[in-house]
Amino acid sequence: MSAPSGLDPHAGSSRTVWSPGTRRVDFGRRVLVLRRRRVAVRLDWRSVTVCSVLALAVACLAVLALMTGSYQLSPGQVVSALTGGETGLVHDIVVEWRLPRVLAALVFGAALGVSGAAFQSTMRNPLADPYIIGFSQGSYTGALIVILLVNGTYWQLAGGALIGGIATSVAVYVLAYRRGVQGFRLIVVGIGISAMLSSLNTWLILRADLDQAMAAATWGAGSLNGISSAQVAFGAACIAVLLLLAAMSSRPMRQLELGDDAAAAQGVRVSATRLWLIVLGVALTATVTAASGPIAFISLLAPQIGRRLTRTAGITLAPAALVGALLCLAADYLAQHVAPTPLPVGIITVMLGGGYLGWLLITEARRRP
Amino acid sequence: MTTTPLRGRGAALTAAILSSALVLTACGSDGDSGDNAAGRSDETHTVKAGNGDIKVPAAPQRVVTIGNTDLPFIDMGGKPVGVTGVDESELSLLPEGQRATFEKATELGDEVDLEKVASLKPDLIMVQIPDAEFQKIEDQLGAIAPTVFWGLDTEWKALAEAIAEAGNLEDALDRQKADYEGRVAEMKQTYSDVIENTRFVNLDRYANSDPGTFVIADIGCVEIAQDDIGLNFPKAAAGADPLAYTSLPFEQIAELSEYDVITYPADAEGQPTEVFAPVVQTNTWKELSTVQSGNALGVFCPGNNSYGSVLRYLDSLDTALATLPAEQ
Amino acid sequence: MTDLALRRPVGSGTGTVSGPRRRLIGLVVALAVLLGLLVASMMIGSTAIAPTVVWDALFHPSNDIDQFAIRDFRLPRTIVGLVVGTALGVSGALIQALTRNPLADAGILGLNAGASFAVTVAVGLLGVRDIQGYMWFAFAGALIVTLMVLVLGSNRRGQSPVMMVLAGLCVGSVLSGAGSALELTNPDAFDAMRSWNAGSIVSRPLDMLWPTLPFFAIALLLAFAVSGPLNAMALGDELAVAQGVRLVRTRILAIIALTLLAGGATAIAGPISFVGLMVPHVARWIVGPDQRWIFAYSALLAPILLLASDILGRVVMRPGEIPVGIVTSFVGAPVLIALVRQKKASGL
C-alpha cells in the first residue's frame, strides 16, 4: 500500500495531501443563457467551446481507433460495416471486436472523469480518490480469488471485484467506527487493512500458476482486452444512471466547493450532500473497476485538465467527463497500436499520470512564490 | 516377482505397437503422396475436442497454435503460421530446427491478438489454455477458422494424439510413439533392479520459489519416470490430493538422506539449472550422504508435453541412472 | 533531559506519552525483547534442532549437518533481519519527520518503485537471475530515483516536503508503469519478480550483507545527527531557522540517510513496505514527538516486528514457510488498528 510498487498503481496517492494552485477568479466572462420554460441554463462561453472541441476530438479519435488494427481494413469497409453493409469476418472485426472496445474506453473514461470530479470537489483535494478506504486492494483481492481459485467467468470476475471492494470498504468503516468515524482513524485503519490485503494479493500471485498469475496481473493493471458488446452495454447502462444522478447534483457540488459555510448559507445540506457525492464517486469507479480492472489516474487527471482548459474556478462535470473519455481512448490507442507489444491501458494511464504530475511540478509549483 | 510377467507384457505390447505403427506409417505415406493434390484441401473430417465435435480440413495448411499446442505441434513436424508467446527459458531448450520453425511463425503475443490471428487467414486454430480464458475468445476464434480446444487437464499423450489427428500429422506421431514405447521397454529391462529396490526422490526449484526453499515435486518429467518406467518416487497417500509439489526450506535438505537416490533438474550438459544451483551450493547438500556417495543425479528435462522432448528426457535419465554406484 | 520535557507537544495530551525515565525503561524492555527474539530465531525452524547443537554450531563449530543448518540458514537470516529491520524503522521515522506526515514511509519518495524497476530491468533485459545480482541494481535504482525526486522537487528556495512527495509520486508512477509493462510482456521476468516483490530475508548470505554495512552505519549516524534539527523543524520552518537550524542542509542529510537505509534494506530483502510506516508511528504514540526517542524506539521495534514475523512465517505452515514481507503486515496491521481504536486521535 505504501509505494507505487510493481502492480499497484494506486498505492501512495491516498495519503498525499496537496492543495491545488491558487484558483483564478474571473469576472466579466461571456455567458450564454438558454431559457426554455422555467429552466434557465447558464453556460459559460469558453466552456461551451472547449466542450465542443473535446467532443470533436473524442469522435475523431474513436473513428481512428475503429480504423486501426492488425487486420487491415479500408475506411470504406469500416463505414459499411458500421452501417450494416458487411457480413462475416469484416463485420465481426469492426462491430463485435473494435467497437465495444472503443465504446468501453469512451464510457469508462467519462465515468472515471466524473467520479474524480465528485471526489475532488467534496474533498477539496485534487489527489483524493476512492482508494483511500481500501477499495482498490479489496477489489483486486476479490478478482484474484475469482481468477486464481474459482477460475470464473467475466461476470463472476466483475462480481468478485465488486464484492471484494465493497466488503473491504465496509470493514474499514466498521473497524474505524468508535462512537463515530473520525478522519484520521479511518485513514489509519484503511492503511492497515490495505497493507494486509496487499500482502495477501502478493501471496496469491506468487503461488499461482504463471499463466493465471499473469492474467490476474493484467486485470490488476486495468485492461480493456477482450471486452464484449454485452459487457460494455451492461457497464454503460449502470454508468448512464450514475452519470444522470451526478449531473443532477452538479449544482450543490459547485456550491460545496465554495466552502462548507458558504454552501450551508445557500441552503445546501453539507454533510448529506458530501456523503451523496462520495457514494456516487465510489459507485462510478467501482463499476469501471468491476468491468475492466482499476484504470489508474484518469479520475485524478481529467477534472484537473478540464478545469485548466475551461479556466473555471471549480470542477465542472462535462469537461471532466469529456477529458476522461479522451484520455482513456488515447491511452488505449497508445497501448494497443503504438507500444511495441499490446499493453493493458492502465499501464499507459499510470505513466501519463506520472508525467502530468511532473509537468505540474515543473511549471506551476515553480511559479508559486 | 511381478516384474517378469510385467516385462513380458510390456515387450508384447511394444511389439504390437511397433507393428501397427509400421502398418500405419505405410498407410500414412500412401496418403501423403496424394495429399498434395489441390483437390484434397477442401475435404474435411470431424475431430473430437474439448469444445465438442469440430469439422476441420483434412489437410490444414495454415495452422495457428495458441497456448500449449505450439511445441507438440512443431515437435511432430508441424509448421504453424502463428504462435503465442513462449518464454525464452523454454524456447532455449528446443532443438535447433524446431526453434527455427517457431521463430518463422508470426508471434501473436501473450494475450492473443485476435486481429493478428484473423489477418493470418488460418484454416485451423488449435488451443490449449485455461477454460476461463478460452471462453472469452471462443466465439471470436470460431469466426476466424475452425477451432479445436483442449483444457489444461488433457494429459500430454492424449493431447499429442488429438493434435496429430487435427493437424494431419498422424504418421509422425506413430513414429514417435513407437520410438518412445521401445525406449521405455528397454529401460525397464536395463534398470529392473533399480526399479525394484531403490527409493527415489525428485527435487526442483521454480523461478517463483521463495528464496531459501526448494520443492519435492512429482510433476514434470518425473511423472514419466514414475508412471511409465516405474521408478519408486514418493506418491501422495491414497485419497489425498496429488502431491504435485511441496515447498520446503533449505533446512529440510538434511532430511533427504532417507532416500537412496535424489534426482534434480540439470541442463543439457548435466550441470544443475540456474534456478536450482542455490540448493547445490549449500554446505548441507554437500555433506548429505546421498550426495557424497554419488547418488544424486542431475537430469535434463527439455519439456514433458511432446514425445520428442520426453525422449530427450529419457536419454538424459538413462545416462544418469547408468552412473549410479549400484549399476557399476 | 529538561529540554525533552520542554519539547512535549502542544495538545498531544495522550496518556501513553511518558517521562524520560519511563521511556528509558521502555527502551531497555524493547532491547530485552529483541535479544529474546534473536535467540528464538536461532532455535525455531522447520526442523527441530536441539539447543545444545545450536550452541555448539556457534561456539564449537564442526561439520555436523545440523550445525550447517544453524550457521548457514538461521544465523544469516537472523542477522539480516536485525539489520534490515533497524534500517526500515529508522528510515520510516526520518521520512515521517521530514514530510511532517505521520503516515508516510520511504516508498512515498518513489524509492521502492525505483528499486523494483531497476531489478525488473536487470531480470527482464539483462538476464540477471540471482538475489546477489539484484542487490546492486536495487540499491542503484533507489539512489537514482531519490536524486531525481530531489531535483524535481526543488525550486530556487529549496525543497518543500509537499513538492518532494509529488515528485516521488510522479517518478514512482512512471517507473511502476514501465516496470509493469516490462513484466507483463516478459513471462520470465514476471516469474522472477513476483518472488522478489514478496520481500524476504532468507537465503541472503552474510557476504552479501557486509558491503552494505558501512552505508548503514553512516546513515544511522546521520539520522541521529539530524534528529535534533528535525525536532526544531517540527515546530515550523521559521522557528527552526530562528533556532539556527539550516533547513536545506538538514533536509538533504536526512534524505541521504533515509535513502541509504531504505534503499539498502530494499536491496537486500526486497520491498518490505509496512514496517517503515507502522513502527515510527507506534513509537510516536509511545514516546511523544521527540525525534531522538522516536528514532531509538524505531530502531528497536522494527527488528522486533520483522524477526517476530519471520519466526511466525516459519511456524504457521511447517515444514513450508511464508516470506517475511507477507507476514509483517498481518502481524503489524491488527496491532496498529487495535492501537488506533484505543487512542484518542493523534497526528504528529
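The values are calculated or read from the model by the stated rules, or taken from the named source; none is laboratory data. All values derive from a computational prediction rather than experimental measurement. Note that each Cβ is placed from the backbone with ideal geometry, even for glycine, and that neighbours are counted across all protein chains shown.
Taken over the range A:266-299, the criterion of being farther than 21 Å from residue A:238 by Cβ, surrounded by fewer than 24 Cβ atoms within 10 Å (Cβ to Cβ) and touching a Ser or Thr at 6+ places or on another chain (Cβ under 9 Å) is satisfied by A:273, A:274. Quick check on the range C:199-208: of everything there that is at pLDDT 90 or above and of a type outside the set (Val, Ile, Thr), which residue is nearest to residue A:221 (Cα to Cα)? Among residues in the range C:199-208 that are at pLDDT 90 or above and of a type outside the set (Val, Ile, Thr), the one nearest to residue A:221 (Cα to Cα) is C:199. Yes or no: residue B:264 more than 14 Å from chain C (Cβ to nearest Cβ) and in contact with a Lys or Arg (Cβ under 8 Å, 6 or more places away or on another chain)? Against the criterion (more than 14 Å from chain C (Cβ to nearest Cβ) and in contact with a Lys or Arg (Cβ under 8 Å, 6 or more places away or on another chain)), residue B:264 does not qualify. Of everything listed in (1) closer than 21 Å to residue B:161 by Cβ; (2) out of contact with any helix residue (DSSP H, G or I) (no Cβ under 7 Å at 6 or more places or on another chain), the single unmet condition for residue B:100 is (1). For the residues B:100, B:132, the requirement of being within 11 Å of chain A (Cβ to nearest Cβ) and not basic (Lys, Arg) singles out B:132. Filtering the range B:201-211 to residues that are touching an Asp or Glu at 6+ places or on another chain (Cβ under 8 Å) and either buried (at least 21 other Cβ atoms within 10 Å of the Cβ) or aliphatic (A, V, I, L, M) (or both) leaves B:202, B:207, B:208, B:210.
Comparison of A:290, A:272, A:331 shows that the only residue that is part of a helix (DSSP H, G or I) and within 14 Å of chain C (Cβ to nearest Cβ) is A:331.
Could you count how many residues in the range A:187-237 are among the aromatic types (Phe, Trp, Tyr) and not in a helix (DSSP H, G or I)?
Final tally of qualifying residues: 0.
Residues that are closer than 26 Å to residue A:202 by Cβ, in contact with a Cys (Cβ under 8 Å, 6 or more places away or on another chain) and part of a loop (DSSP other than H, G, I, E, B) occur at least once in the range B:215-223. Considering the conditions (1) surrounded by fewer than 24 Cβ atoms within 10 Å (Cβ to Cβ); (2) at pLDDT 85 or above; (3) over 30 Å from residue B:281 (Cβ atoms); (4) more than 14 Å from chain A (Cβ to nearest Cβ), residue C:214 is excluded by exactly one of them, (3). Just to be sure, is residue A:357 closer than 30 Å to residue B:115 by Cβ and in a helix (DSSP H, G or I)? Here the answer is no, as residue A:357 does not meet what is asked. Considered as a group, the residues in the range B:275-328 that are hydroxyl-bearing (Ser, Thr, Tyr) and in a loop (DSSP other than H, G, I, E, B) include one that is farthest from residue B:89 (Cα to Cα), and that residue is B:293.
Is it the case that the range C:164-183 has a residue that's buried (at least 24 other Cβ atoms within 10 Å of the Cβ), closer than 30 Å to residue C:247 by Cβ, β-branched (Val, Ile, Thr) and within 14 Å of chain A (Cβ to nearest Cβ)?
Looking through the range C:164-183, at least one residue is buried (at least 24 other Cβ atoms within 10 Å of the Cβ), closer than 30 Å to residue C:247 by Cβ, β-branched (Val, Ile, Thr) and within 14 Å of chain A (Cβ to nearest Cβ).
Exactly one of these conditions fails for residue C:245: (1) more than 24 Å from residue C:302 (Cα to Cα); (2) assigned to a helix (DSSP H, G or I). Give me its number. Failed condition: (2). If you go through the range C:190-204 one residue at a time, do you hit one that is surrounded by fewer than 19 Cβ atoms within 10 Å (Cβ to Cβ) and of a type outside the set (S, T, N, Q)? No, the range C:190-204 has no match at all.
With respect to (1) crowded, with 20+ Cβ neighbours inside 10 Å; (2) part of a helix (DSSP H, G or I), the lone exception for residue A:69 is condition (2).
Identify all residues within the range B:132-146 that are closer than 17 Å to residue A:228 by Cβ and touching an Asp or Glu at 6+ places or on another chain (Cβ under 9 Å); write none if there are none.
B:133, B:139, B:140, B:143, B:144
Specify the residue that is nearest to residue A:148 (Cα to Cα); the eligible residues are those in the range A:169-186 that are assigned to a helix (DSSP H, G or I) and free of Cβ contacts under 8 Å to residues at least 24 places away in the same chain. Filtering first and then ranking leaves A:170.
Candidates A:325, A:321, A:283: the one that is farther than 24 Å from residue C:170 by Cα, more than 14 Å from chain C (Cβ to nearest Cβ) and either aliphatic (A, V, I, L, M) or assigned to a loop (DSSP other than H, G, I, E, B) (or both) is A:283. The helices (runs of 4 or more DSSP H) found entirely in the range C:41-160 that carry 2 or more residues being over 30 Å from residue C:223 (Cβ atoms) are C:51-59, C:65-68, C:111-124.
Put simply, of C:316, C:324, C:287, C:340 the only residue that is more than 23 Å from residue C:28 (Cβ to Cβ) and more than 11 Å from chain A (Cβ to nearest Cβ) is C:316.
Every listed requirement among (1) part of a helix (DSSP H, G or I); (2) more than 21 Å from residue C:38 (Cβ to Cβ); (3) not charged (D, E, K, R) is met by residue C:319 save one, (1).
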